[in-house]
Ligand SMILES: NC(=O)c1ccc[n+]([C@@H]2O[C@H](COP(=O)([O-])OP(=O)(O)OC[C@H]3O[C@@H](n4cnc5c(N)ncnc54)[C@H](O)[C@@H]3O)[C@@H](O)[C@H]2O)c1
């Protein structure tokens, strides 16, 4: 810990250094035995049935949790249910998932009204990456759900405290940032907002483990958290290199795979995530903390304006064969 503070002192402006020291001291003395007192969650409400909501629902149901799935678009819910069934069938046939798809899918219920959130123990929000949309949804959920219900947002970049402020339960609100594709990737960033209680963090870490994931605690509410700050810088730089004519997408991705042992290059990752989602992520980060390293590149804006959104639309930085759902 002292070494870390010493290193930080070389790069941080004085005020943020002092703030960091206070934060680290707080956590050094905080009584937070994160591995103890695991609680079993039985009922989850998931708002948003897009790529992430459907993945989270699939993994939760696989781990035995009853899931209620809500989306404003009925079409999203229908495609989510089809995609989950397809993926679970494939995972079961490979012996990766023990129960047949039908058994797991019997734990997933789709609803068209938010009122059903009242019965859940935890609500996970995975709607579009637009702060006003998320805040409006949380404020409505806050009026519906008893105070015991914990709220978690899967936002990629919007500060958790900004979303929590739309509710009357800032202490029972945290980030649970899953990664795409959720059934395949192990990480969940559990993000502490300014007023998140230790108990909320404990339950969120425990829920991530219950779902077979590996949680990492993000101790401060900084836009982009860990992965999107590091990856966002790499993806943005890769796009700016294409704009400058230094190399094309395929060669940049190849260089990062072969030179740095990345499983996927930054542009392949962006196409998989969805270029609209990546653009929203940069915009959200810029709104809360202007930073040229994490600003949206022109080529990204242009592709999104043209409707080239990556794999899901059939084209992005790459041309994709007909979009195939991934297990
Ligand atoms: N795609 C990724 O790689 C990725 C990874 C981690 C986190 N996230 C985050 O997860 C969230 C969802 O991303 P996604 O990729 O699933 O987006 P998506 O566009 O696939 O799905 C978003 C869904 O939200 C629904 N929606 C919009 N407003 C709603 C509302 N008020 N109530 C209920 N549903 C509503 C839409 O109809 C859509 O089905 C975003 O916050 C995103 O930043 C995305």
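The values are calculated or read from the model by the stated rules, or taken from the named source; none is laboratory data. All figures in this text were calculated on a predicted structure; none of them were measured in a lab. Backbone-built Cβ (ideal geometry, glycine too); neighbour counts: all protein chains shown.
For the structure I just gave you, tell me whether residue 128 is within 14 Å of the ligand (Cβ to nearest atom), more than 21 Å from the chain's Cα centre (by Cα), within 26 Å of residue 276 (Cβ to Cβ) and touching a residue at least 24 places away in the same chain (Cβ under 8 Å). Even if it seems obvious, please write down each step before you answer.
Numbers: within 14 Å of the ligand (Cβ to nearest atom): yes; more than 21 Å from the chain's Cα centre (by Cα): no; within 26 Å of residue 276 (Cβ to Cβ): yes; touching a residue at least 24 places away in the same chain (Cβ under 8 Å): yes.
For residue 128, the condition - within 14 Å of the ligand (Cβ to nearest atom), more than 21 Å from the chain's Cα centre (by Cα), within 26 Å of residue 276 (Cβ to Cβ) and touching a residue at least 24 places away in the same chain (Cβ under 8 Å) - is not met.
Filter segment 159-181 down to residues that are surrounded by fewer than 24 Cβ atoms within 10 Å (Cβ to Cβ) and in a loop (DSSP other than H, G, I, E, B) and give me whichever is nearest to the ligand (Cβ to nearest atom).
The selected residue is 180.
Does residue 201 meet the test of being under 14 Å from the mean Cα position of the chain (by Cα), touching a residue at least 60 places away in the same chain (Cβ under 8 Å) and over 19 Å from residue 50 (Cα atoms)? Break it down stepwise before answering.
Details: under 14 Å from the mean Cα position of the chain (by Cα): no; touching a residue at least 60 places away in the same chain (Cβ under 8 Å): yes; over 19 Å from residue 50 (Cα atoms): yes.
Judged against the criteria, residue 201 is not a match.
Can you name the number of the only condition in (1) assigned to a helix (DSSP H, G or I); (2) surrounded by fewer than 23 Cβ atoms within 10 Å (Cβ to Cβ); (3) touching a helix residue (DSSP H, G or I) at 6+ places or on another chain (Cβ under 8 Å) that residue 133 fails?
(3)
State yes or no: is residue 187 farther than 21 Å from residue 130 by Cβ and within 15 Å of the ligand (Cβ to nearest atom)?
Values: farther than 21 Å from residue 130 by Cβ: yes; within 15 Å of the ligand (Cβ to nearest atom): yes.
Criteria met by residue 187.
Could you please let me know if residue 101 is crowded, with 18+ Cβ neighbours inside 10 Å, in the same structural domain as residue 203 (by TED's automatic domain parsing), within 20 Å of residue 212 (Cβ to Cβ) and without any contact (Cβ under 8 Å) to a residue 24 or more places away in the chain?
Values: crowded, with 18+ Cβ neighbours inside 10 Å: yes; in the same structural domain as residue 203 (by TED's automatic domain parsing): yes; within 20 Å of residue 212 (Cβ to Cβ): yes; without any contact (Cβ under 8 Å) to a residue 24 or more places away in the chain: yes.
Yes: the conditions hold for residue 101.
Among (1) within 13 Å of the ligand (Cβ to nearest atom); (2) over 23 Å from residue 253 (Cβ atoms); (3) at pLDDT 95 or above, there is one condition residue 193 misses while meeting the rest; what is its number?
Only one criterion in (1) within 13 Å of the ligand (Cβ to nearest atom); (2) over 23 Å from residue 253 (Cβ atoms); (3) at pLDDT 95 or above is unmet by residue 193, namely (1).
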